[in-house]
Amino acid sequence: MKSIVKRFQDLPIRLKMFYVYSFMAFVMVVLVGVVVYYQVSQTIERNIENELSNATAAILNMVKTTAKASIKNYLRAVAEKNRDIVADYYAAVQAGEMTEVKAKKALRQILFSQTIGKTGYIYCVDSSGLAVEHPKPAVAGVNFSEFKFIQEQIRRKEGYLEYEWKNPGEATLRPKALYMTFFAPWDWIISVSTYREEFRELIDISEFKDSILSLNFGKTGYSYVIDSQGEVVVHPVLSGNLWDARDADGLYLVRHQSETKNGKLVYSWRNPGETRFRDKIVIYNYIPDYDWIVASTCYLEEFYAPLKSVRNIVFTTVFLILALVLPTTFSIAGGITRPLRQLENRLARATDGDFAGRMDVVSRDEIGNLAVYYNRFMDRLESYSREIQEEVAHRRQTAELLKKSEELFSKAFHASPSGMFIVDRQTGRLIDANPSFLSLIGCDAAAVKDSRITALPIFNIPTTLERLTGLIDHAGRVRDMDIDFVNTDGRMRTGVINAETVYIWGRRCVLFAVDDRTETNRLELEVIEISERERRQLGQYLHDDLCSHLLGIEVMQKVMRQRLNGLADTDLAAFDKIRDLVQDAIRKASRISHGLCPINIAEQGLELTLEELCRDIQEIYGVSCSLAYDEEIFLRDHKVATHIYYIAREAAYNAVKHGKAQQITLSLSRTGVSARLTIRDDGQGLPKSLKRTGMGIRIMHYRARRIGAVLDARPDGNAGCVVSLTFNPNVAKTGERQGQDLMNEMESSGLNLDRAHPEMVNRQDT
């Protein structure tokens, strides 16, 4: 076998095509013929069964319909006849010929004396379901309204009805039928009822016999009806009892149909006068109500005759196709192999690196297209060869640059003064940490190598890590988040942490950067304390020294005024002008002193202190300034109120001195647990040329952090500026952590709070 396969493989392509196509053509034609023959056979068989089944079903429906109509007409005639009898007796009662009691008694004898079938009877119910008249005295007077067929009788009162019923002592339900008519004067639903199995004697066979005998199948096919005992009901030829009829194999046909009731049977049968048995098919169904078997039968050979023609056509087609395919295949194979040899030679040269060889295009068929595609392929292959060489050189250069970039990142990471570390987001383990971070937490590299993020000292306060991971999951990054932590020597430290999601080696990681702000915060606290001390000293100086000095000048002016009463009025007016200027200077110095040291915030509250601030601005600078608030906001810590006051004062003075505002509005509002102070002006907006690191702005931010508040500034349309301070008035202590919590809470609620607004620091401090 192997030698035959090897010998076939060594044959030229045209011989291979000749042998293969010839064999395949023969096999395909034979297979098609077999399939066609089989399909035709199956189609004919299905058609036979469908035709016989449809005929049997039609006869079955026709018999059922005819029987049902006969039953319905019989019951209707009895019901209407008895309604007429009841109507006659009712008329006699109305005419006074007899009493109603006597009339109903007579009607009972008439109604109950009639038999419907074998066990059928007549009864009457009223519209409530009560059996007013019944042949069984025990049933009369019983209410049957819980039964569905009685409910249907009450609803319809007229017409035909079928239902299931089981008498006392019986094991199963049996089908019953009734026809009812209504006699309204006595509210009687007169019902004629009996079991459907007793209606066989009422069916008129002549009504459907001709229709059954008119059905034909093939040449000699027909339909028939017999009962389960073999008695012929309808048959085109036979009559009598067929219980003992057998086929060529000895099968009792009628007995088999009586036992199986429904189905299909193929058997051998010979009609009287014939010499041989022929196969026949019969499809039959059973009508249990009348104990009848309805069947349709026909000889199979009458349906399968077209198969002989199909078989002859298939064989003829096989020989014709082979006679045409074999020489055509040999010719086509030769036309294909010649260009293939040329293509083979060109490809052999291309394998040695010679991409200049091209095919001659001599036709526009598939072979010609193959030559065109080969030439295009070689053009692209030659171009790709050059591009690959260039790409290899480019990738080599890119790899060198990437290596340098990784080295630069590694050097920047490890040399950064900020504490930096990288964590695998999926496993939560530390990948790398720079020396600044190890120095910050007071650990060496071996102590934290491959540690989980929860074990790092920087996150020894659990809520810090929870808040941080929540922000990373939400936005993918964290900017300037304040944290508290305890390093390994037990000292409490404060700092700012930033985080950014990065991908390293295809894994999602987080790059953290931590700056220790403990010393910075301490210095800021010293600056604010120095500023507060200087403010108080300056305010005290203005109040105790300058104001006293000005008061002394005013007293001296009064004394001099009394001594110079003899001067002219014009000279005295100028002297009085000096007194007015001194008094004005005293008032302004007093207000400036009060603004620098507002010692009465705790007594009169934040609102009144802000109102005094508005009056001071109006009197000192001549600028319209007002305060609006819905309700008083009680602050439990007067230090918080003091910081809020100075933030408002700084923002308002900036609006006057740098924004050139003519109108300033302060407003206090409250939403839920948080409150907001807003300073709005109509000045020149936020200038771009001022320094971004003014001490006044830095102190405002520091004050906001100290009281746990969030400070924000933004342009107000085309002109002016809006500065807002959001704080919690219910807290009794201050601290930057409360500000961070408040900001996170408000950001989660969708509020836009930019603590480092790029224009917030553009306005120079006062």
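The values are calculated or read from the model by the stated rules, or taken from the named source; none is laboratory data. Note that the coordinates shown come from a computational prediction; the quantities given were computed from them, not determined experimentally. Counting neighbours? That spans all protein chains shown, and the Cβs are built from the backbone with ideal geometry, glycine included.
Some points to look at:
- From the list Phe217, Phe208, the one residue that fits, being touching a Cys at 6+ places or on another chain (Cβ under 6 Å) and within 30 Å of Arg270 (Cβ to Cβ), is Phe217.
- Within segment 460-508, being part of a helix (DSSP H, G or I) and not aliphatic (A, V, I, L, M) holds for Pro462, Thr463, Thr464, Glu466, Arg467, Thr469, Gly470, Asp473, His474.
- Test: residue in segment 22-41 that is surrounded by 16 or more Cβ atoms within 10 Å (Cβ to Cβ) and either modelled with pLDDT of 75 or more or of a type in the set (Val, Ile, Thr) (or both): yes
- Checking every residue in segment 85-102 against the condition of being free of Cβ contacts under 8 Å to residues at least 24 places away in the same chain, part of a loop (DSSP other than H, G, I, E, B), surrounded by 12 or more Cβ atoms within 10 Å (Cβ to Cβ) and over 59 Å from the mean Cα position of the chain (by Cα) gives at least one match.
- Thr43 falls short of the stated requirement of being assigned to a helix (DSSP H, G or I) and either of a type in the set (Gly, Ala, Ser) or closer than 30 Å to Val125 by Cβ (or both).
- One residue alone among Ile293, Ile287, Ile281 is at pLDDT 80 or above and touching a Cys at 6+ places or on another chain (Cβ under 9 Å), and that residue is Ile281.
- Qualifying residue in segment 246-264 (condition: farther than 27 Å from Ser214 by Cβ, buried (at least 16 other Cβ atoms within 10 Å of the Cβ), in contact (Cβ under 8 Å) with a residue 12 or more places away in the chain and not assigned by TED's automatic domain parsing to the domain that holds Leu52): yes
- Filter result for Ser439 (closer than 25 Å to Thr488 by Cα and either in the same structural domain as Thr469 (by TED's automatic domain parsing) or without any contact (Cβ under 8 Å) to a residue 24 or more places away in the chain (or both)): yes
- Lone qualifier among Ile122, Ile116, Ile110 - being closer than 25 Å to Asn73 by Cα, modelled with pLDDT under 90, of a type in the set (A, V, I, L, M) and touching a helix residue (DSSP H, G or I) at 6+ places or on another chain (Cβ under 9 Å): Ile116
- Residues in segment 473-491 that are surrounded by fewer than 11 Cβ atoms within 10 Å (Cβ to Cβ) and modelled with pLDDT of 80 or more: Asp473 alone.
- In the condition set (1) touching a residue at least 60 places away in the same chain (Cβ under 8 Å); (2) more than 14 Å from Leu608 (Cα to Cα), Val656 is compliant with all but (1).
- Residue check for Tyr74: buried (at least 17 other Cβ atoms within 10 Å of the Cβ) and at pLDDT 90 or above: no
- Applying the criterion of being surrounded by 16 or more Cβ atoms within 10 Å (Cβ to Cβ), modelled with pLDDT of 85 or more and out of contact with any helix residue (DSSP H, G or I) (no Cβ under 6 Å at 6 or more places or on another chain) to the residues of segment 186-215, the residue that is nearest to Leu111 (Cα to Cα) is Ser191.
- None of Ser410, Ser405, Ser383, Ser363 is more than 50 Å from the chain's Cα centre (by Cα) and either modelled with pLDDT under 70 or of a type outside the set (Val, Ile, Thr) (or both) except Ser363.
- Residue check for Thr56: in contact with a strand residue (DSSP E or B) (Cβ under 9 Å, 6 or more places away or on another chain), modelled with pLDDT under 80 and either of a type in the set (Val, Ile, Thr) or under 17 Å from Pro185 (Cα atoms) (or both): yes
- Looking at Ala91, Ala87, just one residue is closer than 21 Å to Phe182 by Cα and out of contact with any helix residue (DSSP H, G or I) (no Cβ under 9 Å at 6 or more places or on another chain), and that residue is Ala91.
- Verdict on Leu511 being hydrophobic (A, V, I, L, M, F, W, C), outside any strand (DSSP E or B) and either on the phi < 0 side of the Ramachandran plot or free of Cβ contacts under 8 Å to residues at least 24 places away in the same chain (or both): no
- Listed conditions (1) in a strand (DSSP E or B); (2) surrounded by 15 or more Cβ atoms within 10 Å (Cβ to Cβ) are all met by Ser436, apart from (1).
- Within segment 133-148, residues that are over 17 Å from Val192 (Cβ atoms) reach partners that are modelled with pLDDT of 90 or more and exposed (fewer than 13 other Cβ atoms within 10 Å of the Cβ) with beta carbons closer than 7 Å, at six or more positions or on different chains, in the pairs Asn143/Ser128; Ser145/Ser128.
- Checking each residue in segment 119-141 for being outside any loop (DSSP other than H, G, I, E, B) and among the charged types (D, E, K, R) picks out only Glu133.
- Only strands (runs of 3 or more DSSP E) whose full extent lies in segment 631-748 are considered here, and none of them has at least 2 residues that are of a type outside the set (A, V, I, L, M), at pLDDT below 85 and crowded, with 20+ Cβ neighbours inside 10 Å.
- The set of residues in segment 144-197 that are part of a helix (DSSP H, G or I) and under 17 Å from Gly117 (Cβ atoms) comprises Arg196, Glu197.
- In segment 456-472, the qualifying residues are those that are within 40 Å of the chain's Cα centre (by Cα) and of a type in the set (A, V, I, L, M, F, W, C), and the one that is surrounded by the fewest Cβ atoms within 10 Å (Cβ to Cβ) is Ile461.
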